Every structure is written in structure tokens, then in C-alpha cells.
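Down below is the structure, laid out as C-alpha cells.
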Amino acid sequence: MQNASIYAGYSKTYQPRGGDQLTSLSISNQNLDPETFQNYELGAKWDINPSFNVTAAVFQLDRDNVLALSDPSNAASPTVPIGKQRTRGVELSAAGELNEQLSFVAAYTLSNGEFLDNVSGTVRAGNNLPNMPKHSASLWSRYEVTPKLGVALGAIYQGKRYASTDNLVVMPGFTRLDAAVFYDVTDQITAQVNVENLLDKRYFLYANSNNNITPGSPTAVKVGLTARF
């Protein structure tokens, strides 16, 4: 097939036991093995024409050496790096121009992340990873009203997600609409107004635990200028 390509990728990375900025490094965990991340990906891209392309990819991310209780049924047992997690998914996207005035970018992800073994009395093999929706999608389109004026509308969808590793609290899915207006003041200066959460949707953005859940922002407006030299 002309204008099509296939790729495969593999990577392996390590995260020190202290984690981000080593804030949790201590005497008790300094000698534990780091967490490892192995990512496998296979994808394809097809340029249907010079102004329209589609992509597809499948992936698997394995996370090893996650801290877990040596005896999941005993909360007082030592914590050791034996836990494993796996995320598998499919990513699809399309981008292009439908005509001289209208363009779009669309994406969809199907993902499933789970614990592969027991970590504690409440985090068991088969539990889903927190903050990970099974379905997520986005669509952003832009329409050139005139050579100087453009308007855009976007939609973001997130399916339901668990707030924590015990899978006891579910955050409902949501769809949020965003909008924007662009105007070329001169050949070098562009003014832009972005409106996030156009319909003032109430939703939960992410969670750190079952009782520490962050709501999404209400309608917010941002104004900016971009200068090109």
C-alpha cells in the first residue's frame, strides 16, 4: 500500500525506589530494586492523501517490582518489591482537512490496566489500575471563517475510572466541550481566546485516593497573544 508505514518499538526504563524527586527514599527502601517499565508497541500510519492521515497502534506496558506485602493477608508483613501490573490497549487517530476551511483531529484509546498479583488485603490480582478509563476519546475541529478569523470546537470524553487501587469508589465518565477563537491581528501577531468546559459540566478529573478526588474546572476563559518574529 502506497503512503503507508508500519513500525514496532520496545523500551525498558527504571524508576529509583524513591520515586519522583526521591521524596520517599528512606533507610528501609534504599536497597530495594527499582521499579521497571517495559513497553511494547506495534503501529501503522496511512497517508490517505497529502492532507488526511490515519494511525493505529497496539501496546503493552508491564510494570514490575511494585511494592507489595510479602504476605497480602497480613498487613504487618514486610513490604517487598514483588508486585506486577500490566496495561494493554489500542490507540486510533485521524487528522486532516475536509475542505479548504474545515480541519479536524480525532483520537480514541481503549485500555485495560490491572494488577497481576495480590498486593495487599484490598488490592487483589485482577483489580483495575486507578485513574485509568477503559474508553477515552477526543475530537477537535477548526473552521476558517475568513483568512484572518478561525473558530474551533473540541470534545473530550473519559469513561468511568476507579479512584484507588481497591476499586471501591468509581468516578463517573464525562464529556467536556471546549471552544476557541483565533484572529490574526497582523501577519506576526495572533490573538486567541480559549474557553474550557464551555457548558460548565460538573465532573471529576482525577483522584489520589477514595477520599481525595479533584473536581474538574468550571467554565474558564483564557486570552493570549502569539507573536512571530
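What to note about this one:
- Selected residue (criterion: nearest to V151 (Cα to Cα)) from residues of region 173-186 that are β-branched (V, I, T) and in a strand (DSSP E or B): V181
- Reported count of residues in region 75-96, each being within 20 Å of the chain's Cα centre (by Cα), without any contact (Cβ under 8 Å) to a residue 40 or more places away in the chain and over 14 Å from S111 (Cβ atoms), is 1.
- Only one entry of D166, D178 meets the criterion of being at pLDDT 95 or above, surrounded by 15 or more Cβ atoms within 10 Å (Cβ to Cβ) and either among the acidic types (D, E) or touching a Pro at 6+ places or on another chain (Cβ under 6 Å) (or both), and that entry is D178.
- Within region 187-217, restricting attention to residues that are out of contact with any strand residue (DSSP E or B) (no Cβ under 9 Å at 6 or more places or on another chain) and either closer than 27 Å to L149 by Cβ or among the β-branched types (V, I, T) (or both), the residue that is surrounded by the fewest Cβ atoms within 10 Å (Cβ to Cβ) is D187.
- Odd one out for A207, checked against (1) aliphatic (A, V, I, L, M); (2) assigned to a loop (DSSP other than H, G, I, E, B); (3) under 28 Å from T87 (Cβ atoms): (2)
- Counting the residues of region 212-229 that are in a loop (DSSP other than H, G, I, E, B) and either touching a Gly at 6+ places or on another chain (Cβ under 7 Å) or free of Cβ contacts under 8 Å to residues at least 40 places away in the same chain (or both) gives 3.
For (1) at pLDDT 95 or above; (2) over 25 Å from Y108 (Cα atoms); (3) surrounded by 14 or more Cβ atoms within 10 Å (Cβ to Cβ), each residue gets a yes or a no:
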| position | (1), (2), (3) |
| --- | --- |
| Q2 | no, no, no |
| G18 | no, yes, yes |
| E35 | no, yes, yes |
| Y40 | yes, no, yes |
| K45 | yes, no, yes |
| I48 | no, no, no |
| V54 | yes, no, yes |
| A57 | yes, no, yes |
| S73 | no, yes, no |
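The values are calculated or read from the model by the stated rules, or taken from the named source; none is laboratory data. Only a predicted model underlies this, so the values are computations on that prediction, with no experimental measurement involved. Using ideal geometry, Cβ is built from the backbone for each residue, glycine included, and neighbour counts are taken over all protein chains shown.
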